[in-house]
Amino acid sequence: MIISLDGLYAAITGASSGIGFAVAKALLEKGATVALASRPDEKLDHAVKKLEQKGLKAIALPMDVRKEDSIKRAASWVEKEWGRIDLLVNNAALMMHRVYPDFLTSPKKFFEIDPDTWIDMVDTNLNGYYLVTRGFIPMMIDQKKGRIINISTSLPTMNMFAPYGPSRAASEALSNIMAKELKQYNIMVNVLLPGGAVDTGGLPENTGDKLPFKLLSPDVMSAPVVFLASHFAEGITGERIIAKKFNEWLAKRQAEADSPS
């Protein structure tokens with residue numbers, strides 16, 4: 001399957017590191033024009049420069065997913081400079097180490113977590129998906145097409161770590177609603193999750209060596225995102241795709257398409 005994304009315009013939230021950065025790199029390598037959306041700081045600038053050093057034309061898009069005014073400015077820039085948006089990847093999230101660094105070895109009960117910390121995580125991981133999509137969706141509706149990929153996590157994680165798990169579970173429920181309500185506008189919405197813990201630098205120092213499982217590379221998300229951005233994914237919406245099992249998922253879909261009805 002040869003994929004070219006020349007002429008595709010994409011914005012990715014939380015793109016200054018981890019999954020967002022890996023996805024941005026993968027899309028750029030296929031020819032897409034990509035805006036890395038993140039809070040304006042040195043981390044975002046460094047991410048863009050790192051891609052530029054590889055000969056990839058990345059664009060910094062300063063945006064705080066928790067703030068409507070910030071999102072409005074970013075969407076206005078995209079509309080003015082690009083005139084369209086083909087793909088939106090909602091990825092920005094606060095991870096558990098932001099709640100407390102030793103969450104794996106000394107987990108807190110939900111009622112022990114500071115309310116401000118809880119609210120901040122839900123604002124980013126759930127409300128951010130709503131606000132960013134709300135800010136960019138008018139362009140997709142006007143152009144009568146678009147793709148949205150919402151990054152999520154595994155079901156065991158949803159039921160293990162609060163408030164991260166509940167925020168991700170709610171974002172998946174929101175994704176299902178998005179898929180149904182946006183289908184009439186030819187806008188496809190899918191959920192993508194790694195299928196395991198990802199090495200995004202969010203674990204306490206030396207923790208990775210003690211885990212009973214191997215951390216996944218953020219690059220595990222690259223192939224499915226490129227596919228979902230391409231013409232091969234036309235009409236695919238409302239799916240929950242596990243990146244680690246992407247090849248199996250794709251093979252099953254192709255087999256079903258090839259079988260006589």
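Take the Cβ atoms of S4 and Q184, set R0 to 35 Å, and the FRET efficiency comes out at 0.75. In terms of the mean number of neighbouring beta-carbon atoms within 10 Å, the peptides 77-84, 240-247 order highest first as 240-247, 77-84.
For the chain, the residue among G14, A255, L131 whose Cα projects farthest onto the positive side of the dipole built from Cβ charges is A255.
Cα centroids of region 53-95 and region 222-252: 23 Å apart. Computed over the chain, the per-residue total of -39500 (n - 2.57) for DSSP H runs of n ≥ 4 gives a 222 nm mean residue ellipticity of -12500 deg cm²/dmol, rounded to 500.
The mean of 1/r over all pairs of different alpha-carbon atoms in region 102-168, once inverted, gives a Kirkwood hydrodynamic radius of 13.9 Å. Relative to a virtual label point 7 Å from the Cα of K67 in the Cα→beta-carbon direction, which members of region 100-137 show backbone nitrogen distances below 20 Å? What the label zone holds, given the 20 Å backbone N cut-off, is 116-136.
Label sites at N247 and R84, each approximated as a point 7 angstrom past Cα along Cα to Cβ, lie 3.3 nm apart.
Coordinate-derived values only; no laboratory data. Note that this is a predicted model, so its numbers are computed, not measured. Every residue, glycine as well, gets a Cβ built from its backbone with ideal geometry; the counts of neighbours run over all protein chains shown.
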